[in-house]
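Accompanying notes for the structure given below.
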Amino acid sequence: MIRFLLPAACLLLNLYWTRRLLRSGAGKILIAGWLFMLWMLPFLGALLVWLQTRPPRRANQAASVKEARPAAPLQYDCGHQRWAWRDLLTVRDGMLMADLPKLRAAAQTLPPGKRAAAKLNAQRGWWLHLRDWLGGDFHVSENEDSLLLSPFSRAQREASLRSIDRARKAIRKLLPGLAQWPNDHKTLLLVLENEAQYHRYTAQYLPDEGVFATSSGMFIDGFYPHFVVVAGELSHIEPIIVHELTHASLAHLKLPRWLDEGIAVNTEWRLCPAASRAETGLPERHRAFWTAERMRAFWLGDAFLAPGEANTLSYDLARILVENLAREWTPFARFVHQAAVKGCGRAAAESLDVDLGRFAAAVVGHDYHAGWAPPR
């Protein structure tokens, strides 16, 4: 009660002296000066006192506030039934993996109109459980089109999501009639802290036997398509994001590996020219390397998984072939749509009036014979 009496008394006192000043007959300028001091100086004094007595702000106060981290769900709500997440996850080679066949089976039991929401819930749940498994500074970030799991700072995560959005728009514009993302799920990007984590994770999607080329990014197709990269400066991983997003946009076409990679590399080079580079001496290396047997592995896609020279030259040959075949977009787009249905050789002959075997032989500097043709 007392704390209100003092301000009230001061207010009444100010009103009294204001009335006396207005009736004093003094000049207008003098009255205005006294009124200013009478009413404004107390507020200025109170402001100075507050500035001197307020609690000091700690320099690291903002940094000490932790970001909200939604808890990983215990159950996967799939409409008419619920699944315990512990039954949908498994640990393989020290890495937490989602049991995709079970998630697929759960979503397939729903009417088509409800599957999209169920798949999105599954994607979020999987990413949140993987976040907790990876520990450290991993966070799940999301916008309208993308879902990101990374060890990045908040600013880096926001920049990464913007980069994905820009890349999606640019790819759609660069590949009209080809690039398409499904409406029932978001773009999923997993950024892992180091090469060891990356190889443990991606190894789960490679054949059990064989020696495979190293990589810094991988698009993993399937019921929950996503792509994986190793953490680094955004300028370093942007070309990988573009490359893997291109794969994601073409996944609905079920293209042969060489064509899929050729389009992805050319898209990466077009949209990230600063990162595009070709190794030296490639024409001579192509001429020395390719044989009919190795060309068969190229057409079938096996050469892209092999380490060493086979991997390097396969990507480069795919890039050169697509760069030349796509000089006229409309017939090239028609060829791409027909490639998985009719086979590359027949589709190229019908849409582009090109013999792919002869064309590939000419590119690498060899005389053509029947063994160079893509398998039917």
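The values are calculated or read from the model by the stated rules, or taken from the named source; none is laboratory data. None of these values were measured; they are calculated from a predicted model. When we count neighbours, we look across all protein chains shown, and the Cβ atoms used for this are built from the backbone with ideal geometry, even at glycine.
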Practice problem: Could you tell me which numbered condition Lys114 fails, if it satisfies all but one of (1) touching a Gly at 6+ places or on another chain (Cβ under 6 Å); (2) under 30 Å from Thr330 (Cβ atoms); (3) basic (Lys, Arg)? | Solution: (2)
Practice problem: Name every residue in region 154-194 that is over 16 Å from Ala248 (Cβ atoms) and touching a Leu at 6+ places or on another chain (Cβ under 9 Å), in order of residue number. | Solution: Gln156, Arg157, Ala159, Leu192, Glu193
Exercise. Give, as residue ranges, the helices (runs of 4 or more DSSP H) completely inside region 61-165 that count at least 3 residues that are in the same structural domain as Ile220 (by TED's automatic domain parsing), out of contact with any helix residue (DSSP H, G or I) (no Cβ under 9 Å at 6 or more places or on another chain) and farther than 23 Å from Tyr205 by Cβ.
Key: 112-134
Quiz item: How many of the residues in region 144-188 are farther than 23 Å from Ala333 by Cβ, of a type in the set (Gly, Ala, Ser) and surrounded by fewer than 19 Cβ atoms within 10 Å (Cβ to Cβ)?
Solution: 3
Practice problem: All but one of (1) touching a Gly at 6+ places or on another chain (Cβ under 9 Å); (2) surrounded by 16 or more Cβ atoms within 10 Å (Cβ to Cβ); (3) over 23 Å from Ala288 (Cβ atoms) hold for Gly343, so report the exception by its number. | Solution: (1)
Quiz item: Taking Asp316 and the conditions (1) without any contact (Cβ under 8 Å) to a residue 60 or more places away in the chain; (2) among the acidic types (Asp, Glu); (3) over 27 Å from Ser235 (Cβ atoms), which numbered condition does it fall short on, given that it satisfies the others?
Solution: (3)
